[in-house]
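Following: one structure in structure tokens, then a few remarks.
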Amino acid sequence: MFCFQCQETFKNSGCINNGVCGKTSEVANLQDFLIWISKGLSEIAVKGKDKESEVVDGVILNLFTTITNANFDNTAIKERIVKTVELMNSLREDKDYSEAARWSSVDFSEISEKINSQEVSILSEKNEDIRSLKELITYGLKGMAAYTRHAKVLGYESERVNNFIIKAMAELLKEKTIDELISLTLETGSMGYEAMATLDSANTKTYGNPEISEVNIGTRKNPGILVSGHDLKDFEMLLEQAKDSGVDIYTHSEMLPANYYPKFKKYENFVGNYGNAWWKQRDEFEAFNGPILMTTNCIVPPKNSYKDKLFTTGAAGYPGCEYIEEDKDGYKDFSKIIEMAKKCDAPEEIEKGSIVGGFAHSQVMELADKVIENVKNGDIKKFIVMAGCDGRMSDRNYYTEFAKKLPDSTIILTAGCAKYRYNKLNLGDINGIPRVLDAGQCNDSYSLIQIALALVDAFGVESVNDLPIVYNIAWYEQKAVIVLLALLSLGVKNIHLGPTLPAFLSANVVKVLVDNFGISGITNVEDDLKTLVMK
Ligand code: FSO
Ligand code: SF4
């Protein structure tokens, strides 16, 4: 195996035996093969007459399934391989195709032979810069696919985004120049922005606009179910099915923003949020006592103490954990989880109190006059976008320290699970405006962009780069990659990206990003405060 798609990759170079995330080499190799034939399927679609919706759905699900920490189940990946090859076989015409598009076998001894030949591995591309750009685009597409799928289950999609994903996947099979790949990278970013906008519409039109909310982080005495991941539709279905069961529902990690949506607030058994970012789950899931539903990434290989209580659905999967299927109408029956919860002890209380969030674009626009007034009178001097991801490496304490040492005249704009590094610090407020404004999930970085664009108008400046906003973003996996590409496609400059720059960026590609966008890594809290805030 060789995988370097996430920030925790081995020695910031590449996982070669097993993944730091717990992915086995068998799963990693099958995922590489799945991505390779997904590009082949896309080529067949591009060269064919019609783009079947089955192709779009299949390629999107395949991309999503291979995101870091989403699916560790080789049986599930093999099923996706079989479905993909069967679809290719049914759509292939009498045309000139690449080898990936010609692949027709579902015999896993042949597939293993192909994998062992190393021809579908990331390293099969020998030119380091071409490999770097092609993987950057592939990872952006994975993030885009995840967002696109969440919108689709709520009945929203963008044909342009769908078509782009298929076109870009097919393009990645071709020989390309560096310039061609750079332009495809930026196109990926702008389509990523559209994918995030589509998901924002899906979420807000279905569940209302997020509003300022105080979220309970303590527990009650009833048994509970913990819901993690990003899929709001799964969350709604579970809430609805559990509403009269006597079982309480809690969000975990990236599901925390569900607490901000008006439609979910009417459920009396919806208690609040339990625990922290994804990487602390092995202790927190044990303490929770009840079953846990993982609707997407980020799964950490479970301890035996709760493994039989861990359920997966959608693109997520873990061997030995029960998977909840959807029926042909998209309905999922969660009764097994609810029945299991009834027999479990109530969650152990690991924290008490509350946190405040719900600052997506609509809520911030309502506060716009107040925000602008505070900027004009100098009480707010700077906004620091600290969106992105959390992770298990201790060097991420940097973000807690950075947040603590920021001057009182600054506001942190956040989204994604990075917030858990500072959202319980009680950083106070500026004339009633909290100093940490949480817009929501990583995809709600879209809201942060909307807020920046509104400030451009309000202050009459030419671009987002003229605003008192700086970017100190943390990344972990491929959804953060699409958020980053979206920001670049909008012309945002001087983003600091940490805790390390991606291992998949070659030295020359980093140079392009530095020269054209002023991207840089992080150094230490004191120096970065000077560069970002005090200048
Ligand atoms: Fe991932 Fe980052 Fe959204 Fe977290 S981009 S790691 S769990 O912020 O969440 O999916
Ligand atoms: Fe390694 Fe990250 Fe790939 Fe997992 S997803 S195998 S940790 S690079």
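The values are calculated or read from the model by the stated rules, or taken from the named source; none is laboratory data. Computed from a predicted model, the values in this text were never measured in an experiment. All Cβ positions, glycine included, derive from the backbone under ideal geometry; neighbour counts span all protein chains shown. All accessible areas refer to the heavy atoms of the entire protein, side chains included, with ligands and DNA or RNA removed. Shrake-Rupley method; radii C 1.70, N 1.55, O 1.52, S 1.80 Å.
Here are some notes:
- Report summary: the helix-based calculation at 222 nm, which adds -39500 (n - 2.57) for every DSSP H run with n ≥ 4 and divides by the residues of the chain, gives -14000 deg cm²/dmol.
- Bins of 10 Å, starting at 0 and running to the largest distance - Cα pair percent for the range 397-535: 11, 41, 40, 8, 0
- Overall shape of the range 10-206 was characterised from the C-alpha gyration tensor. The equivalent ellipsoid obtained from it has semi-axes of 24, 20, 18 Å, in decreasing order.
- Ordered by 1.4 Å accessible area with all protein chains kept, T66, T177 run largest first as T177, T66.
- Global dimensions of the range 139-229 from alpha-carbon coordinates: Rg and Dmax equal 18.2, 61 Å.
- Among the listed pairs K243/K336; K49/K332; K205/K265; K243/K332; K39/K307, those with a Cα-Cα distance over 24 Å are K49/K332; K39/K307.
- Our summary gives the chain a relative contact order of 17 percent, counting only alpha carbon pairs under 8 angstrom and 6 or more residues apart.
- Above 32 Å, the calculated P(r) of the chain contains 41 percent of its Cα-Cα pairs.
- Residue-normalised accessible area of the range 10-206, given per residue in Å² at a 1.4 Å probe: 41
- Restricted to Cα atoms, the range 248-405 shows a radius of gyration and a Dmax of 19.0, 59 angstrom.
- Most to least packed among 147-157, 518-528 [average Cβ atoms within 10 Å]: 147-157, 518-528
- Reported to the nearest whole Å, the Cα centre-to-centre distance from the range 1-80 to the range 154-195 is 17.
- Only protein heavy atoms count here; on that basis, with a 1.4 Å probe, R131 has an accessible area of about 40 Å².
- Helices that extend 20 Å or more along their long axis by alpha-carbon positions and average at least 0.5 on the Kyte-Doolittle scale are, among the DSSP H runs of the chain, 445-459.
- Between the range 502-535 and the range 342-392, the alpha-carbon centres lie 26 Å apart.
- In the chain, the DSSP beta bridges split such that about 20 percent are antiparallel, to the nearest 5.
- Portion, in percent, of the accessible area of the chain that falls on carbon or sulfur, probe 1.4 Å: 48
- Heavy atoms of the protein chains alone define the surface here; on that basis the range 213-342 has 35 Å² accessible area per residue at 1.4 Å probe size.
- Compactness of the range 102-257, expressed as Rg and Dmax over alpha-carbon positions, Å: 21.0, 61
- Loop-located chymotrypsin sites (Phe, Trp or Tyr not before Pro) across the range 279-336 with a Cβ neighbour count of 15 or fewer within 10 Å are Y331, with loop assigned by DSSP.
- Contact order for the range 391-535, expressed relative to its length and based on alpha carbon pairs under 8 Å spaced 6+ residues apart, stands at 20 percent.
- Ratio of the Cα radius of gyration of the range 176-236 to 2.2 N^0.38 Å, where N counts its residues: 1.81
- Partner lysines whose Cα lies under 19 Å from the Cα of K419, excluding those fewer than 8 positions away in the same chain, are identified as K280, K352, K382, K404, K405, K479.
- Translational diffusion of the range 16-80, estimated by Stokes-Einstein from the Kirkwood radius over alpha carbon pairs at 25 °C in a medium of 0.890 mPa s, is 196 µm² per second.
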